[in-house]
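Each remark here refers to the structure printed beneath this line.
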Amino acid sequence: MSQSHLNQIRGSAPLKFLVIGAGSRGNGYAHALLQSTPDAQITAVAEPIEVKRRAFGRQYIWGEADAPAEWQSFADWKDFLGLQEQRQRAARDKASRWSRPVDGVFICTLDDSHCEIITAFAPLGYHIMSEKPLATTLQDCLKIYRSLRPQGSSSSPQIFSIGHVLHYSPHNILLRRLLLDDEAIGDILSVEHTEPVGWWHFAHSYVRGNWRKEASSAPSLLTKSCHDIDLLMWLLCAPPATASITDRPPHLPSFVSSTGSLLYFKPSRKPQSAGGATNCYSCAAEPQCIYSARKIYVRDRFDQGHVGWPVKIVDSEIEDMYVGGNKKGARERLEARLKDDYNESTSSPASRPWYGRCVYNADNDVCDDQVVTINWEDDPLPVTSVQQRQDRLQGRGAKNAIFHMVASTEAQCERRGHISGTRGEIEYDSRTIRVYDFATKRAEVHVPEQPGGGHGGGDAGLVSAFFKAVEAVKLRQMPVEEAQQAYVGCTAEEIVRNTAMVFAAEEARREKKVVDWPAWWQNNVEIALEHQSG
């Protein structure tokens, strides 16, 4: 269908979206959406912090207008729903047609708010893209899943996507094609996959930042590495596209185990010369400390003119002050925030980040090093013909995957790995994929496209896929389920299953056991869903 024909069907009205949360991810998705899909329009933002809301609106919605219109700016996403309800009621009273203000919603808020927001918007039929992780508890994941499935229905009335951006980067799309479509190394036997978080990045987000405590956030395996568990499930559960069997259920794991702990960022590692200091600005050891907040945020970034992430995370007004010409004031504000500290009398210190806090006294407890092992057993499909006999184990043979999340690395989120197969092996990092063939004894190196934007083009790929799926449904080119599979590439059930694997791995780590995955899924998901529906 030509673009002009699409525009005629659309009636000159672009697809419209609400962004909830104007932080780093909200801005990242907004930028990626408008760069990759010219026919998209962000028409509203909901964000409690006024300076963030105003900056987001100026950049993506109302430009330099004196004030936003009624439908453009909300301090709370509930205000958006309230205004929608008022307008809908007014339309009913006037017997006039009510038009939905937006087609879809991007949820870019803190992790523990996802469940409340999704379960509020899902029954109204809005198409939804939520930042990862899906939720911080398995119970909330299941509430979300039920909200996407109207009572008595096995399908969803809307497109639903999750911020697992690794699915959508050109690098990983090619890696999956080589493994599953081309069968470049035969059947997969084992995978070793590593996420190097980065030494200062881990300290910023998982020692001093919002994700440092399980009680107020979630385990780091969920908040940081759910991307990677999802990637492994995406690569290893799907059947090869070349298999001749038409009914091909996913090859699901048999067992999962995990070990990990907080190895380094704890009081026992604190240098003796630091004494009792709990903040970098009052510490005698600060000049020699690589984790000095003064070095990380002021010297290495602010003083070099870098006031975006992570500096703007310390204080959201610093970037505006700096860009507006008040560099001295911005620096003073940054240092004042870094000097913030707490003691025994401070109420609820876990309720906010403390970016100048000593990394060895930061009340953090999430793992800084963790290994997850997932095992698959032979799971042959039933033989229905002589021709299919040889395909019974194609893509369904026994295999193992080992994932390692490690904090203390130079590389920052530049994943790397090794995949062994029956006919060859693959080595990959974030830029290249090397395929070695046992028969020819030759290696071929692929260098996938490296588009701009976050996660190697994954951000743009994710929002573009979501947009195309919503567009296909709105233009009645495809039913929801078909558009979900064609563009988003995974179902809501797969999203829940891949997230649930993280919770199973955490149970294995905490209880020092091997989890039987089929039994765990039955007891913790299927039975729980039955109770919820009852």
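The values are calculated or read from the model by the stated rules, or taken from the named source; none is laboratory data. Not measured: the values here are computed from a predicted model. Here Cβ is always computed from backbone atoms with ideal geometry, including for glycine, and neighbour counts include all displayed protein chains.
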For the range 467-534, give me every one of the helices (runs of 4 or more DSSP H) that falls completely inside it and has 3 or more residues that are in contact with a Phe, Trp or Tyr (Cβ under 8 Å, 6 or more places away or on another chain). 492-511
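Would a scan of the range 435-454 turn up a residue that is in a helix (DSSP H, G or I), modelled with pLDDT under 95 and either over 23 Å from T491 (Cα atoms) or charged (D, E, K, R) (or both)?
At the first step, the residues of the range 435-454 found to be in a helix (DSSP H, G or I) are 454.
Of the ones still in play, those that are also modelled with pLDDT under 95 are 454.
When the remaining residues are screened for being either over 23 Å from T491 (Cα atoms) or charged (D, E, K, R) (or both), the result is 454.
Looking through the range 435-454, at least one residue is in a helix (DSSP H, G or I), modelled with pLDDT under 95 and either over 23 Å from T491 (Cα atoms) or charged (D, E, K, R) (or both).
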Of residues in the range 183-208 being surrounded by fewer than 23 Cβ atoms within 10 Å (Cβ to Cβ) and part of a loop (DSSP other than H, G, I, E, B), the one nearest to the chain's Cα centre (by Cα): G198
Single condition R357 does not satisfy, out of (1) surrounded by 18 or more Cβ atoms within 10 Å (Cβ to Cβ); (2) of a type in the set (K, R); (3) farther than 30 Å from G458 by Cα; (4) assigned by TED's automatic domain parsing to the domain that holds A284: (4)
Are any residues in the range 224-260 at pLDDT 95 or above, among the hydroxyl-bearing types (S, T, Y) and either loosely packed, with under 13 Cβ neighbours inside 10 Å or part of a loop (DSSP other than H, G, I, E, B) (or both), and if so, which ones? S225, S254
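Got a sec? Which of D379, D365 is modelled with pLDDT of 95 or more and not in a strand (DSSP E or B)? Give the derivation first.
Working: D379 fails: modelled with pLDDT of 95 or more.
Going through D379, D365 in turn, the sole match is D365.
Would you confirm whether any residue within the range 269-291 is within 30 Å of the chain's Cα centre (by Cα) and outside the structural domain of T409 (by TED's automatic domain parsing)?
Pass one, the range 269-291, residues within 30 Å of the chain's Cα centre (by Cα): 290-291.
Add one more test, that the residue is outside the structural domain of T409 (by TED's automatic domain parsing), and what stays is 290-291.
So far as the range 269-291 goes, yes, one or more of its residues are within 30 Å of the chain's Cα centre (by Cα) and outside the structural domain of T409 (by TED's automatic domain parsing).
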Please identify the pairs in which a residue from the range 284-308 that is in contact (Cβ under 8 Å) with a residue 12 or more places away in the chain and over 17 Å from W199 (Cα atoms) has its Cβ atom under 6 Å from the Cβ atom of a residue that is surrounded by 11 or more Cβ atoms within 10 Å (Cβ to Cβ) and among the aromatic types (F, W, Y), counting only partners at least 6 apart or on another chain. V307/Y322
Whether any residue in the range 105-112 is surrounded by 15 or more Cβ atoms within 10 Å (Cβ to Cβ), in contact (Cβ under 8 Å) with a residue 24 or more places away in the chain, in contact with a helix residue (DSSP H, G or I) (Cβ under 8 Å, 6 or more places away or on another chain) and assigned to a loop (DSSP other than H, G, I, E, B) is what I want to check. yes
Considering residues that are modelled with pLDDT of 95 or more, surrounded by 21 or more Cβ atoms within 10 Å (Cβ to Cβ) and in contact with an Asp or Glu (Cβ under 7 Å, 6 or more places away or on another chain), the number found within the range 30-52 is 1
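In the range 324-347, which residues are assigned to a loop (DSSP other than H, G, I, E, B), loosely packed, with under 14 Cβ neighbours inside 10 Å and either in the same structural domain as H204 (by TED's automatic domain parsing) or at negative phi (or both)? Steps first, answer last, please.
The initial filter retains those residues of the range 324-347 that are assigned to a loop (DSSP other than H, G, I, E, B), namely 324-326, 340-347.
Checking the rest, the ones that are also loosely packed, with under 14 Cβ neighbours inside 10 Å come to 324-325, 343-347.
Across the range 324-347, the qualifying residues are G324, N343, E344, S345, T346, S347.
Criterion first (within 23 Å of T119 (Cα to Cα), crowded, with 18+ Cβ neighbours inside 10 Å and over 22 Å from the mean Cα position of the chain (by Cα)) does V488 satisfy it?
no
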Which condition does D516 not pass, out of (1) surrounded by fewer than 14 Cβ atoms within 10 Å (Cβ to Cβ); (2) over 25 Å from the mean Cα position of the chain (by Cα), if it passes all the others? (1)
